[in-house]
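Visitor: Below you'll find the structure I mean.
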Amino acid sequence: MATAGLRRLRRPLAAAFSSAAAAGSGRPEQLTIRRQERGVRNIILNNPRKRNALSLSMLRSLREDLLHDAKSKELRVIVISAEGPVFCSGHDLKELSSEDDVKHHSQVFEMCAEVMTLIQKLPVPVIAQVNGLATAAGCQLVASCDIAVASEKSQFATPGVNIGLFCSTPAVALGRSLPRKVALEMLFTGEPLSAHEALMHGLVSKVVPEDKLEEETMKISQKICASSKSVLALGKATFYRQMTQDLDTAYKITTQVMVDNLTLRDGQEGIEAFIQKRKPVWSHSRDEKK
């Protein structure tokens, strides 16, 4: 992974990682922008001057946008994207200096952990649309999403070791998305993965040309929107639950969930529509079939 080509990327990567502390002090009115249309909510990280750093304020804004009316039948999928050439540079290093006390440092990391775990607890799929660098907690954000679509120019790294702050919390998400030895090489060296390496190792779902990124993300989103929200919510929750279990327990859990799925109104509607050779009419309700 540490090829000559990747070594040439160190300088811009380091600049992106440290820019949260070094960039200008101006702050946009909205750290995140929330837009929703036809079931798709796009949450845009909107602080490009500071490389979309996950400051405490940014994390709180992101959490608010993720939670907003999350149970509504109108919300079917969430896409997280970003303004500027850096998707997310990780934590704002100014907030982690000795000028702030331990209590504030704890608040930053606890809020970050809350947002990352929230993504997997939401009843709808969450897609990272990555166009540029994703470093440290920004890489953690990508790894925490259910699906990740990246442009060919995107790169992913956990370079905290290079500044004396090992990426221990990003390692939680990375260790669950990547083979252990790949994750540890990223964590120990700070070297970046290219978009295609990230695809090969499972950090992202698809890699497309930059001009096709939004189109491909929307294609996946629309496919998700064509399914029942209640069925997807049940499936997503079950997937993450069974992944932490041994094989026998995982099958025991999922066998019962399959039975439960059949009791849902949309579970029966889908089967009836298939038999009758028609399109299903989803209720998106967790109600059982009467």
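The values are calculated or read from the model by the stated rules, or taken from the named source; none is laboratory data. It should be emphasised that the depicted structure is a prediction, and the values quoted were computed from it without experimental measurement. Because the Cβ atoms are built from the backbone with ideal geometry, glycine has one as well, and the counts that use them run over all protein chains shown. The accessibility values were calculated without ligands, DNA or RNA, using every heavy atom of the protein model including side chains. Shrake-Rupley method; radii C 1.70, N 1.55, O 1.52, S 1.80 Å.
Visitor: Return yes when Q120 is among the polar types (S, T, N, Q), touching a residue at least 40 places away in the same chain (Cβ under 8 Å) and closer than 19 Å to A237 by Cβ and no when it is not.
Guide: Details: among the polar types (S, T, N, Q): yes; touching a residue at least 40 places away in the same chain (Cβ under 8 Å): yes; closer than 19 Å to A237 by Cβ: yes.
Yes; evaluated as a whole, the condition is true for this residue.
Visitor: Every residue in segment 181-207 that is more than 21 Å from G160 (Cβ to Cβ) and among the basic types (K, R), please.
Guide: K206
Visitor: Something else about it: What about V126, is it open to solvent by less than 20 Å² (accessible area, probe 1.4 Å), at pLDDT 95 or above and touching a Cys at 6+ places or on another chain (Cβ under 9 Å)? Reasoning before the result, please.
Guide: Details: open to solvent by less than 20 Å² (accessible area, probe 1.4 Å): yes; at pLDDT 95 or above: yes; touching a Cys at 6+ places or on another chain (Cβ under 9 Å): yes.
For V126, the condition - open to solvent by less than 20 Å² (accessible area, probe 1.4 Å), at pLDDT 95 or above and touching a Cys at 6+ places or on another chain (Cβ under 9 Å) - is met.
Visitor: What about G160, is it in contact with a Phe, Trp or Tyr (Cβ under 8 Å, 6 or more places away or on another chain), small (G, A, S) and over 27 Å from D65 (Cα atoms)?
Guide: Numbers: in contact with a Phe, Trp or Tyr (Cβ under 8 Å, 6 or more places away or on another chain): yes; small (G, A, S): yes; over 27 Å from D65 (Cα atoms): yes.
So G160 fits the description; yes.
Visitor: I would also like to ask the following. In segment 75-118, which residues are among the aromatic types (F, W, Y) and open to solvent by 50 Å² or more (accessible area, probe 1.4 Å)?
Guide: From segment 75-118, those among the aromatic types (F, W, Y) are 87, 109; that's our starting set.
If the condition is that a residue be among the aromatic types (F, W, Y) and open to solvent by 50 Å² or more (accessible area, probe 1.4 Å), then F109 is the only one that fits.
Visitor: Before we move on, is A198 open to solvent by less than 30 Å² (accessible area, probe 1.4 Å) and assigned to a helix (DSSP H, G or I)?
Guide: On the way: open to solvent by less than 30 Å² (accessible area, probe 1.4 Å): yes; assigned to a helix (DSSP H, G or I): yes.
For A198, the condition - open to solvent by less than 30 Å² (accessible area, probe 1.4 Å) and assigned to a helix (DSSP H, G or I) - is met.
Visitor: For segment 225-258, name all the residues that are among the hydrophobic types (A, V, I, L, M, F, W, C), surrounded by 13 or more Cβ atoms within 10 Å (Cβ to Cβ) and either at pLDDT below 95 or farther than 23 Å from E288 by Cβ (or both).
Guide: C225, A250
Visitor: Could you run through segment 36-64 and say how many residues are surrounded by fewer than 19 Cβ atoms within 10 Å (Cβ to Cβ) and of a type in the set (D, E, K, R)?
Guide: Summing the residues that are surrounded by fewer than 19 Cβ atoms within 10 Å (Cβ to Cβ) and of a type in the set (D, E, K, R) in segment 36-64 gives 6.
Visitor: When you check S205 against the structure, is it within 27 Å of R35 (Cα to Cα), at pLDDT 95 or above and in contact with a Leu (Cβ under 9 Å, 6 or more places away or on another chain), yes or no?
Guide: yes
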